[in-house]
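Structure first, commentary second.
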There are 2 protein chains.
Amino acid sequence: MSDLKESTKSTSVVYNGDFLDVRRDEVLLPNGKTGSREWINHPGAVVIIPILPDSKIGLIRQYRYAAKSEFIELPAGKLDKNEKPEDCAVRELQEEIGYKAGKMKFLARIHPAIGFANEIMSVFLAEKLEKNNPDGIVFTILCDRGERYTSILD
Amino acid sequence: MSDLKESTKSTSVVYNGDFLDVRRDEVLLPNGKTGSREWINHPGAVVIIPILPDSKIGLIRQYRYAAKSEFIELPAGKLDKNEKPEDCAVRELQEEIGYKAGKMKFLARIHPAIGFANEIMSVFLAEKLEKNNPDGIVFTILCDRGERYTSILD
């Protein structure tokens, strides 16, 4: 067991919105004192690196309200209830760029906001893609693998 | 202007804790409809890649309550009020590994939790390090640059 471990004494939901589930816990610290920890209970997410049939990487354009700006991103999304990361990756790829992946390879798990959220993001490499929804591709942007990406918005 | 832009109609603080500032905004969507956005108002943060005098990278061991686990991480931390990212990087490096950086080079800005927080994390490379607080180094772990890091906790 970690000598840094903080044990939960009590937990409470301090905000439960449509999207964010915010908790505040009282914890026992390793030094024997008590403290509080506020954190976001997150369902988990996936991000996909889609290798399109022409060997380029598919990216999307998305407005991110919290950051008040538009971004060029890899397709990504949150897990639905009881959804497995791989199923989520297949679904998000379909929804966001309109492709079906013949091969979805798990690469890694990351903790993007480790200081305040329990979000685990699974990273997938999607290969052998087949376009199955021409209308689904709204903001797909292509860049070569290995080539440094420069913004097309400038 | 982005054709994806979501304009703020109203904003409210739905939870203001010791650590988390949670907002819920009503927004005007590009399609003319209204919607809501919940987000974390974050002061910003830094993460530092410290190149120690022996050319190894200094890492720290930290318990992350939200993820309920101990992690090996680069030194990092949140900005104090009105603190500039570079000053924060110098302070965190001192606090977390007990070194003063002769050179602190800004590398990039990232948005770690772009789906639900406005956090901007500035990435710095710290070089020409001098140990100035032997007691400050509690959990420093070294790994070679270029060498794949494997967990020492297994």
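Which residue is nearest to the other protein chains (Cβ to nearest Cβ), if the candidates are limited to segment B:116-132 and must be open to solvent by 40 Å² or more (accessible area, probe 1.4 Å) and on the phi < 0 side of the Ramachandran plot?
So the first thing to find is which residues in segment B:116-132 are open to solvent by 40 Å² or more (accessible area, probe 1.4 Å), and the list is B:120, B:127-128, B:130-132.
Now narrow it down to the ones that are on the phi < 0 side of the Ramachandran plot: B:120, B:127, B:130-132.
Working: B:ILE120: 8, B:GLU127: 23, B:GLU130: 27, B:LYS131: 23, B:ASN132: 24 Å.
Only one residue fits best here, namely B:ILE120.
What number of residues within segment A:97-115 satisfy the criterion of being more than 12 Å from chain B (Cβ to nearest Cβ) and open to solvent by 40 Å² or more (accessible area, probe 1.4 Å)?
6
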Candidate set: segment B:56-80, residues that are modelled with pLDDT of 95 or more and open to solvent by 60 Å² or more (accessible area, probe 1.4 Å); chosen: the one nearest to A:HIS111 (Cα to Cα): B:LYS68
Residue tally, condition assigned to a strand (DSSP E or B) and more than 23 Å from B:GLU86 (Cα to Cα), over segment B:41-71: 5
Of the criteria (1) in contact with a Gly (Cβ under 9 Å, 6 or more places away or on another chain); (2) open to solvent by less than 40 Å² (accessible area, probe 1.4 Å); (3) of a type in the set (D, E, K, R), which one B:ASP21 fails: (1)
Among (1) surrounded by 21 or more Cβ atoms within 10 Å (Cβ to Cβ); (2) within 14 Å of chain B (Cβ to nearest Cβ) - the single one A:ALA89 does not satisfy: (2)
Qualifying residue in segment B:24-40 (condition: of a type outside the set (A, V, I, L, M), in a strand (DSSP E or B) and closer than 15 Å to B:LYS100 by Cα): no
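Of everything in segment B:23-44, what is among the acidic types (Asp, Glu) and either touching a residue at least 24 places away in the same chain (Cβ under 8 Å) or within 8 Å of chain A (Cβ to nearest Cβ) (or both)? Give them in sequence order.
B:ASP25, B:GLU38, listed by residue number.
The values are calculated or read from the model by the stated rules, or taken from the named source; none is laboratory data. Being a predicted model, the structure only gives us computed values, none of them experimental. Cβ sites come from the backbone with ideal geometry, for glycine too, and all protein chains shown count toward neighbours. Just the protein is used for accessible areas: all its heavy atoms, side chains included, with ligands, DNA and RNA removed. Shrake-Rupley method; radii C 1.70, N 1.55, O 1.52, S 1.80 Å.
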